[in-house]
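What follows is one structure encoded as C-alpha cells, with my remarks underneath.
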Amino acid sequence: MEDVKNSESKKACASCGAELKFKPGSHQIKCEYCGYEEFIENSKSSFEELELQHYLKVVGDNAYTETIDLLHCKNCGANQHTEENFKSLHCVYCSEPLIKEDINKEGWIIPGALVPFQLDSKRAQSIFKNWVSGIWFAPDNLKKAALDPEGLHGIYIPHWTFDAKIRAGYQGQRGEYYYETKRIKTKSGVQNRQVRKTKWYPASGSIDGFADDILINSSEKKRREIPKAVAFWNLEELTGFNSKYLSGFVTEKYTISLKEGHHQSFQTAKDIAYSIIRRDIGGDTQRIHSADIKLSDETFKHILLPMYISAYRFNGKEYHFYINGQTGKISGTRPYSFWKIFFLVIFIIVVIAVIAIFVQ
C-alpha cells in the first residue's frame with residue numbers, strides 16, 4: 001500500500017496574505033485583492049500512465065494515495081471538495097446547503113492530470129445569461145437566476161482514462177455488392193429496375209490496434225448526468241496535476257471505482273476492435289461471427305475536467321445547466337412558463353377574432 005498523503009492547504013498571497021485562486025486560461029494563481037500572481041510549477045512525473053493490473057491486483061481498486069476533505073450532499077449524494085475556506089456552500093448539483101461541520105476526510109487515487117479552466121466565472125455567467133435570453137417562454141425567475149453569479153459553480157468532474165493494446169482473432173464474412181436487373185410492374189407499366197444483392201465470402205484473421213484515452217465519467221449518476229453535447233474536452237491540453245489549479249473551484253470525488261470504470265471501458269475497447277476487424281475484412285459490408293478480443297499493457301489515469309453547473313428549481317422540479325469550462329459550450333434542460341404560453345394563446349385568439357370581424 002502506498003503512503004497516504006495530505007492535500008495541500010490553501011495558498012496565501014506572498015504580498016498581502018489573502019488566499020490565492022487559480023486564474024482560468026493561464027497557469028497562474030492570483031490574489032483578487034492586491035493582484036499578485038504566482039506561476040504553477042508542474043511536475044512531469046505526475047502526468048504518467050499507471051499500470052492498471054498493478055492497481056487492481058496488488059494495490060486494489062479502492063486504494064488511496066491522498067486524503068482530501070469532502071462534503072457529502074445528503075440530498076443527491078455528490079461528494080465535493082473545496083480548496084478554499086468558506087462560510088457557506090451549496091451543492092453544485094441540487095443547491096442543497098452543505099454544512100462545514102459535516103466535512104469528512106476520505107482517500108482517493110491522486111489525479112494524474114487535469115484540464116485547467118479556460119473560462120473565468122464572468123465569462124461563464126455571460127454565456128449562461130445569453131443562452132437564457134434566447135429561449136422562449138422561460139420563467140422570469142430563471143432569467144433572474146442567470147444574473148446571479150452565486151448560482152453558477154465551477155467544478156472539476158473526475159474521470160478515468162484507459163489505454164490498452166488490442167489483439168483479436170476473428171471469424172466472419174466479407175460481403176460484395178452486385179446488381180441484377182428485374183422487371184417490376186408499376187402504374188405506368190412494366191419497368192426494369194436494378195436490385196442490389198450481396199455475395200458473401202468467408203473471412204478470418206487477426207488484428208492489432210490501440211485504444212487511446214477511453215474516457216469514463218467516474219461520478220456518473222442518472223439524476224445529474226452531463227449532457228453529451230458539452231461532454232467533450234481536448235485532452236491534448238491535459239497538464240500535470242497540481243492542487244493549485246483547484247483553488248477557487250469545487251472538486252468532486254469519483255463514485256465509480258477504478259474496477260467498475262475499467263469494466264465500462266471494455267465495451268468501448270470492443271467497439272474499437274470491431275471497427276478494426278471490419279476494415280481488415282474489407283469489401284462492401286461485413287459480418288463478424290466471433291472475435292476473441294484480448295487487451296494488454298493496460299494503463300489508466302485519474303483526471304479532472306472543468307465544468308460550470310447551475311441548478312434551478314421550478315414548480316417542484318429540478319433543472320440543470322452545464323457550461324464546458326474549456327470550450328464554453330452550453331446545454332441544459334429548461335422549464336416553461338405556463339402563464340406566458342397561456343397569454344400568448346389568448347393573444348393569438350384575440351387577433352384572429354379581430355381579423356375575422358374586419359373581414360366580415
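Scanning region 242-259 for any residue that is in contact with a Lys or Arg (Cβ under 9 Å, 6 or more places away or on another chain), hydrophobic (A, V, I, L, M, F, W, C), surrounded by fewer than 16 Cβ atoms within 10 Å (Cβ to Cβ) and under 24 Å from PHE321 (Cβ atoms) turns up nothing. Restricting attention to region 197-216, the residues that are buried (at least 19 other Cβ atoms within 10 Å of the Cβ) and either hydroxyl-bearing (Ser, Thr, Tyr) or more than 14 Å from ARG278 (Cβ to Cβ) (or both) total 3. Among strands (runs of 3 or more DSSP E) entirely within region 1-68, having at least 2 residues that are out of contact with any helix residue (DSSP H, G or I) (no Cβ under 9 Å at 6 or more places or on another chain), surrounded by fewer than 17 Cβ atoms within 10 Å (Cβ to Cβ) and modelled with pLDDT of 70 or more singles out 37-39. Looking at PRO111 and the list (1) touching a Lys or Arg at 6+ places or on another chain (Cβ under 7 Å); (2) modelled with pLDDT of 75 or more, which single condition is not satisfied? Here PRO111 clears every test but (1).
Inclusion of SER121 among residues that are open to solvent by 70 Å² or more (accessible area, probe 1.4 Å) and at pLDDT 75 or above is warranted. Take the conditions more than 23 Å from the chain's Cα centre (by Cα) and either open to solvent by less than 30 Å² (accessible area, probe 1.4 Å) or modelled with pLDDT under 75 (or both) and apply them to GLU83. Does it pass? Answer is no for this residue. Screening ALA145, ALA164 for residues that are modelled with pLDDT under 75 and either of a type outside the set (D, E, K, R) or assigned to a loop (DSSP other than H, G, I, E, B) (or both) leaves exactly one candidate, ALA145.
Of all the numbered requirements in (1) open to solvent by 20 Å² or more (accessible area, probe 1.4 Å); (2) in contact (Cβ under 8 Å) with a residue 60 or more places away in the chain, TYR308 misses one, and that requirement is (1). Taken across region 289-300, residues that are part of a helix (DSSP H, G or I) and modelled with pLDDT of 85 or more do not occur at all.
Every condition in (1) over 17 Å from PRO111 (Cβ atoms); (2) touching a residue at least 40 places away in the same chain (Cβ under 8 Å); (3) part of a loop (DSSP other than H, G, I, E, B) holds for SER265 except the one numbered (3). The residues on offer are GLY316, GLY282, and the sole one that is modelled with pLDDT of 90 or more and either exposed (fewer than 14 other Cβ atoms within 10 Å of the Cβ) or acidic (Asp, Glu) (or both) is GLY282.
Per-residue answers, yes or no, for (1) closer than 14 Å to ILE207 by Cα; (2) of a type in the set (Gly, Ala, Ser):
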{"site": "ALA269", "(1), (2)": "yes, yes"}
{"site": "ARG279", "(1), (2)": "yes, no"}
{"site": "GLN286", "(1), (2)": "no, no"}
{"site": "ILE293", "(1), (2)": "yes, no"}
{"site": "THR299", "(1), (2)": "no, no"}
{"site": "LEU304", "(1), (2)": "no, no"}
{"site": "PHE321", "(1), (2)": "no, no"}
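Do the conditions hold for THR268, that is, is it under 21 Å from ILE216 (Cα atoms) and surrounded by 21 or more Cβ atoms within 10 Å (Cβ to Cβ)? Considered against the rule, which asks whether it is under 21 Å from ILE216 (Cα atoms) and surrounded by 21 or more Cβ atoms within 10 Å (Cβ to Cβ), THR268 comes out as no.
Identify, by number, the condition in (1) among the aliphatic types (A, V, I, L, M); (2) under 26 Å from the mean Cα position of the chain (by Cα); (3) in a strand (DSSP E or B) that ALA231 doesn't meet. In the conditions (1) among the aliphatic types (A, V, I, L, M); (2) under 26 Å from the mean Cα position of the chain (by Cα); (3) in a strand (DSSP E or B), ALA231 misses (3) alone.
The values are calculated or read from the model by the stated rules, or taken from the named source; none is laboratory data. Because the structure is a prediction, the values reported are computed rather than measured. Heads up, the Cβs are rebuilt from the backbone with ideal geometry, glycines too, and the neighbour counts pull from every protein chain shown. Only protein heavy atoms, including side chains, enter the accessible area calculation; ligands, DNA and RNA are left aside. Shrake-Rupley method; radii C 1.70, N 1.55, O 1.52, S 1.80 Å.
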